[in-house]
């Protein structure tokens, strides 16, 4: 039994990207608390395996988060089957991938899933979250971001841009709902290095296909346990460490990046050769 009122038996959770990685771990956690879980994913095989593996009240929806019409159908299903009520909305679906500045399809593919998958979810499902949220039955929205959307390391501009935009949307949403629906909390989940599908963890692989978690990575279950803890504390920014990177190191990296603007330095100085030594020395001296 959780002390967070959102993780309550009978409450309804809708989780995109719910059939693998962090989404699967969170779906399992919610079902374990007796919640009704609607797992949304574009992988029908994973959805079927997840439904069989998770003990509890689990419904599955195979859909494409890049299509607003698929979200409209999901909204109709929630209205029909769940009384139009969502207690926990998790907009978690995301993809990786790399491309070049000349590759338009790379930018569209990443932004359509990582950014518009969140926008479409809010466009359609936000009213179902706020309509029934109250002091006695609060609701929560979790949006999955990335450290790459904060410190912006070079090498993957489309992914970084998508997650930076997600961060801005989540911040704005939190501010707006603090006025219009103060019993609805918003949380930006920023995982560290996590062993998910993006890093080779096929959730239902067996035998030789099943990969071992790297020592430095957290498991998805560790991430959702940390998420629950920070939600209980009322945190918006949930910046997860991992087995290689501490919370203190994350804070130093974010501060250095922010100081590029404040001090008028070129962007991304942490990765520039002429600033590398200064950055390393500065972070070594900081006490946070």
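Tabulated data
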| read-out | value |
| --- | --- |
| Taking 255, 189, 26 and counting other C-beta atoms within 10 Å, the order from fewest to most | 255, 189, 26 |
| Using alpha-carbon coordinates, inclination of helix 21-32 to the longest axis of the chain, degrees | 40 |
| Choice from 111, 177, 47 showing the highest fluctuation, given a GNM over the chain with Cα pairs closer than 10 Å | 177 |
| Separation of alpha-carbon centers, the range 49-91 and the range 112-191, rounded to whole Å | 18 |
| Crossing angle, helix 104-114 versus the chain [Cα axis fit, 0-90 degrees, rounded to tens] | 50 |
| Burial ordering of 52, 140, fewest other beta-carbon atoms within 10 Å first | 52, 140 |
| Angle between the chain longest axis and helix 44-53 axis [Cα atoms, degrees, rounded to 10] | 70 |
| Exposure proxy order (Cβ contacts within 10 Å, fewest to most) of 240, 30 | 240, 30 |
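Rule-based calculations on the coordinates, nothing more; no lab input. Just so we're clear, the structure is a prediction, and the values are computed from it rather than from any experiment. Using ideal geometry, Cβ is built from the backbone for each residue, glycine included, and neighbour counts are taken over all protein chains shown.
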